[in-house]
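Asks: Structure below; questions to follow.
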2 protein chains.
Amino acid sequence: MNEEQRKSWILSRKRQQAIDVPGLAEDVALGNRLSLGKAITLIESTKPEDRTMAVQLLELLQHRRKEALRIGITGVPGVGKSTFIESFGMYLVALGKRVAVLAVDPSSTKNKGSILGDKTRMNVLAQQEAVFIRPSPSGGTLGGLARSTNESILLCEAAGYDIILVETVGVGQSETMVKQSVDFFLLLMLSGAGDELQGIKRGIMELADLLVITKADGDNERAANIAAASYKNAMHLFPPNDNDWIPTTLVCSALENKGMEAIWQKIESFKNSTTLNGWLAKNRIEQQLFWLERTVQTDLLERFMAFENFSEMQQNAERRIIEGGESAFLVAQKLVNDWMNTYFSTHGKD
Amino acid sequence: MNEEQRKSWILSRKRQQAIDVPGLAEDVALGNRLSLGKAITLIESTKPEDRTMAVQLLELLQHRRKEALRIGITGVPGVGKSTFIESFGMYLVALGKRVAVLAVDPSSTKNKGSILGDKTRMNVLAQQEAVFIRPSPSGGTLGGLARSTNESILLCEAAGYDIILVETVGVGQSETMVKQSVDFFLLLMLSGAGDELQGIKRGIMELADLLVITKADGDNERAANIAAASYKNAMHLFPPNDNDWIPTTLVCSALENKGMEAIWQKIESFKNSTTLNGWLAKNRIEQQLFWLERTVQTDLLERFMAFENFSEMQQNAERRIIEGGESAFLVAQKLVNDWMNTYFSTHGKD
């Protein structure tokens, strides 16, 4: 076997290994973390051959999962998200919970992984048997990331995790999207004199079910308590949620491991009350309907772009705009018409 | 003629009146403001029959326009946007310019028109022969609003307006979208002790080519100048633009009609330098390519939803999620597949 044959053999072996979808599904269901990682990579892929396998995988797993509690965690850079997640995650592990951590960070496309990309982050948590940590993928659009996160949650549930923490950066639009995949939204904030309401957007504060002031330790403890009080006031300015839950404020110190119990109690009480009043189940269904619409939208576009003459048609359309000064609206309409017609004539002959 | 016949006759007359597209195009090109208003209504409509007419209208007008200077104006509620636009607009009219004002406010979907909906706003400006003011449409998505704004600009250009002011609310995502339709972006801000950087998002500040501190009159003038200086510093924190333009800060008083000349000079100097270095033309082409992609995306979705069995298929898909607990991703894929197949079989028989 020469070098080239060897490479091609390795490649085809890799491909064969990759397409054992039933085996992969089985391993995910058994809670194998490596397999779960592979499965998520498959879900995140936009290659057509991977998409087919992703569909197969989800079909095999969608009825084998038990629903986990899904918690969104956000906060601006510097608020201490990883330290918090490590501390809170360890608290949950001590309670006997299996915890999955997923990151959504569209900015990592540019910065090559600003959250969870660094392997040294959360290294104590990462070593736990009961914990699965998944960094943010380094490519793709916000919509794509958020959608694959929604499916990754399903995979983590199939792998038997009890609690899924979804981490976002708190500066972009990710939060609004992630809100559509989680049951509870936790916003981390820093204390500071006079700037309590800076840095975070009003829109993100509105999403929060619980606001936690971090780094409430040492000299900072008093400031944190003052900040908590002023945030509590600020949150009264927002309209009430449709789940009858009144968002509140707590303080914590990941450094001194303080406040984790109170946070978990709040989340449990949220879970109990929204289970009782039916909101939790209703909300999950509404979220899935949101993703149905979203996925249809992106799927249509992907099929359109996968069209064989696509790049030629696109270049032609662009030329009409650049050289002909035509309206984008008109050219777009023509582009879609052409696609529909060609699609029909190609498939109509079968 | 009974009551029913009469109604149907009025309706059909209205329809007949509506479909004289060549006549409408002619009237728009002659600068008739009522016709321009009608034309924009047609562009904004999502009804299929209106879409056909909109295409026809744009085809008739797309090569008859002369390019106007397009200026985006934004600022949080309370900053004095309407007062500023009235004052700035009157300044432009005095220079002999014809000015069109378009509003983009996605929040008006809920609040039934929070900007430009109030007819008493800008009443001096609105009375000018050389001025066209268009309130934000009261329905539709942000994407839809922004796209129709892009086409409305084209119509205003066909009607011979020299300067088009596009007003947004400064709190949502509208600015990023509107940025794709304008040449120059003006951000209005208030002065205030200590809160100079509050209320507005970093992302919006990054879009600004010029920052104007409003209400620099009376006791407030000193504070406005201080604010201008601190904003100037803050803007140094942002990466430089690709057009070699260095964003700057000015103060104005719409009340005392101060600062309008300096603002207009800045905008003219921007226009001259970006015309010289070729950025202006290049940017407009890039913007149109952005809208090409956007329009394709929404167009695909609209066709999908216009499918005759759509509501039945959608209900079925929703049932699979709600009752069957299936994955949104899988159901969406099936929905699109079904649509593609049915579309093919329906059209394949012709």
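Taken together, the values in this text are just the output of simple stated rules run on the coordinates, not laboratory data. Values in this document were obtained by computation on a predicted structure and should not be read as measured data. For neighbour counting, all protein chains shown are included, and Cβ atoms are generated from backbone atoms with ideal geometry for every residue, glycine included.
Asks: Just to check I understand the Karplus step: with θ = phi - 60° and J = 6.51 cos²θ - 1.76 cosθ + 1.60, what whole-Hz values come out for the range A:308-319, glycine and proline as x?
Replies: Each residue's phi maps through the Karplus curve to give 4, 8, 3, 5, 5, 5, 5, 4, 5, 4, 5, 5 Hz.
Asks: Let me ask something else. Going by C-beta contacts inside 10 Å, put A:ARG64, B:ARG222, A:ARG98 in order with the fewest on the left.
Replies: Ascending number of Cβ neighbours within 10 Å: B:ARG222, A:ARG64, A:ARG98.
Asks: Put a point 7 Å out from Cα along the line to Cβ at A:GLY23; what are the distances to that point in the other copies, in nm, shortest first?
Replies: 7.4
Asks: Would you calculate the separation in nanometres between label points at B:LYS66 and B:ARG33, each defined as 7 Å from the Cα along the Cα-to-beta-carbon direction?
Replies: 2.1 nm
Asks: Amide H of A:PHE132 versus every other amide H placed in the peptide plane: which residues, excluding those fewer than 5 positions away on the same chain, fall under 5 Å?
Replies: A:VAL99, A:ALA100, A:VAL101
Asks: Treat the count of other C-beta atoms within 10 Å as a stand-in for reagent exposure and order B:MET340, B:MET260, B:MET205 from fewest to most.
Replies: With the fewest neighbours first, B:MET340, B:MET260, B:MET205 line up as B:MET340, B:MET205, B:MET260.
Asks: At B:LEU276, label 7 Å along Cα→Cβ: distances to the other copies, nm, ascending?
Replies: 7.2
Asks: Right, something else. Tell me, in nm to one decimal, what length is gained between A:SER273 and A:LEU301 on full extension, where the rule is 0.36 nm per residue of separation less the Cα-Cα distance?
Replies: Working: separation 28, 0.36 × 28 = 10.08 nm, distance 4.03 nm.
Between A:SER273 and A:LEU301, full extension yields an extra 6.1 nm.
Asks: Same structure again: Using only atoms on other chains, find how many Cβ atoms lie within 10 Å of each Cβ of peptide A:297-306 and report the average.
Replies: Numbers: counts 7, 3, 8, 12, 5, 1, 4, 4, 2, 0.
So the per-residue partner count for this stretch is 5.
Asks: Shifting gears a bit: Can you put B:SER191, B:SER311, A:SER181, A:SER273 in order, fewest other beta carbons within 10 Å first?
Replies: Fewest-to-most Cβ neighbours within 10 Å comes out as B:SER311, A:SER273, B:SER191, A:SER181.
Asks: Taking each residue of A:330-342 in turn, how many C-beta atoms of other protein chains fall within 10 Å of its C-beta, and what is the average? Before the final figure, lay out the partial values.
Replies: Values: counts 10, 7, 11, 8, 1, 6, 8, 2, 0, 2, 4, 1, 0.
If you average over the peptide's residues, the count of other-chain Cβ atoms is 5.
Asks: Under the definition of partner shielding as Cβ atoms of other protein chains within 10 Å of a residue Cβ, what is the mean value for peptide B:282-295?
Replies: Values: counts 1, 0, 3, 5, 1, 2, 10, 7, 1, 6, 13, 7, 3, 9.
Partner Cβ neighbours, averaged per residue: 5.
Asks: Further, regarding this structure: Inter-copy label distances at B:ALA234, 7 Å along the Cα→beta-carbon direction, one decimal in nm, shortest first?
Replies: 1.5
Asks: Let me ask something else about it. Determine, from the Cβ-Cβ distance of B:ASN283 and A:ARG319 and an R0 of 30 Å, the FRET efficiency 1/(1 + (r/R0)^6), rounded to the nearest 0.05.
Replies: About 0.95, to the nearest 0.05.
Asks: Pairs A:LYS232/A:LYS271; A:LYS282/B:LYS179; A:LYS179/B:LYS282; A:LYS334/B:LYS266; B:LYS232/B:LYS282; A:LYS81/A:LYS232: which are spaced more than 32 Å apart, C-alpha to C-alpha? Present the calculation step by step, with values, prior to reporting the outcome.
Replies: Numbers: A:LYS232/A:LYS271 21 Å; A:LYS282/B:LYS179 38 Å; A:LYS179/B:LYS282 38 Å; A:LYS334/B:LYS266 40 Å; B:LYS232/B:LYS282 28 Å; A:LYS81/A:LYS232 21 Å.
As for pairs spanning more than 32 Å Cα to Cα, those are A:LYS282/B:LYS179; A:LYS179/B:LYS282; A:LYS334/B:LYS266.
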